[in-house]
1. Determine ³J(HN,Hα), in whole Hz, for all residues of the stretch 145-158 in sequence, where each value follows from phi through the Karplus function 6.51 cos²θ - 1.76 cosθ + 1.60 and θ = phi - 60°; x replaces Gly and Pro.
2. Which value in Å is the Kirkwood Rh of the stretch 162-208 over different Cα pairs?
3. Excluding THR51 itself, what net charge comes from residues whose Cβ is under 15 Å from its Cβ, given Lys and Arg +1 and Asp and Glu -1?
4. Remind me, what semi-axes does the stretch 9-120 give for its equivalent ellipsoid, largest first in whole Å, using sqrt of 5 times each Cα gyration tensor eigenvalue?
5. Which number do you get for Rg(Cα) / (2.2 N^0.38 Å) in the stretch 78-162?
6. So what are the ³J(HN,Hα) numbers for the stretch 97-106, from phi and the Karplus equation (6.51, -1.76, 1.60; θ = phi - 60°), rounded to whole Hz, Gly and Pro as x?
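What follows is calculated from the coordinates using simple rules that are stated; it is not laboratory data. Quantities reported herein were computed from a predicted structural model and do not represent experimental measurements. Cβ: placed from backbone, ideal geometry, glycine included. Neighbour counts: every protein chain shown.
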Amino acid sequence: MNKLRRSWILFKCSVSIVLQNKKLLVFPILSFIFTMMILGFVITPVAFQPTGHSLNEGAHWKAVANTLFVAKSTAANPGRTDVTLKPVAVGIGIGIYMVSMFLATFFNVAFFHQILQALRGNAVSVQAGLRFAISKLSAIAMWSLFAGVVGLIIKTLEERLDLIGRIIMRFVGTAWSVASVFVIPVLIVEPSINPITVLRKSASTLKKTWGESLAGYLGLQFGGFLVLMISIFFLGGATYASFALNNFWIIAAAAVLWMFALIAFAYLTSVASQVYRCALFVYASEGTIPQPYNSELLEMAWKMKKA
């Protein structure tokens, strides 16, 4: 019962910070918008390149595909055709991947910087977060390049190795993801732009807080699961009322409302999980307990690791 109580309180604390600082909800949206803009900027010239055919003709899109893909028959199975990417397509894909990595890091630095401000009781500002991220452009660029290259290497090796090799690379990928969990907060407080230093400090912080991370994220998941169960009861009640009153519009309206509410709540919970991550980072790196968390919550989680 104590674990469930602690989990629910952790969930409420994280969500309350977001609700008190609603501007935090803007940063992931900005990241998505700019990423889509870059994606459109790259894809549009390729999709609308002159091919001598109109856009509503299949020949146009076949010509576009021919500029990106090449089909080859395999020697072992002449009847089988393998489709591979042309170098230009590989270059476009890597370019999109690296730019997306940079944008995600940039907006996450702005986002986490303002989360840290909120945890310290300061006002949240979208402009201040973006200005801070601009001041960290060198560190962001270095980390984005480093993380992008590592990610590409892991993905390439995973695709080319045999089954045992793929399993090993998946473990490597998981270890990489775990070690870099505190990279963004470290980028904010660390003056060095060396990505190796940033990764090492992230990993050392995680080593201190593994127990809190485990308990905290389980707490957020439990809170989300509880709200989901309540929402399902609401949907069930609407379904019963719809059949009892022989009115289809009740269940239709309830289903639409339930879907949008679930999406909004999932987004809120996602932002709240980042708030909790920053709270753990502050606790581990500074030894202070940000409000509205308390020592009981974090110290109980800390004891999990020692046990």
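1. Running phi through 6.51 cos²θ - 1.76 cosθ + 1.60 with θ = phi - 60° gives 5, 4, 5, x, 5, 4, x, 5, 5, 4, 5, 5, 5, 5 Hz.
2. After inverting the mean inverse Cα-Cα distance, the result is 11.4 Å.
3. Cβ neighbours under 15 Å give a net charge of 0.
4. Working through the eigenvalues yields semi-axes of 44, 18, 13 Å.
5. Taking N as the residue count of the stretch 78-162, the ratio is 1.57.
6. 4, 5, 5, 5, 4, 5, 5, 4, 5, 4
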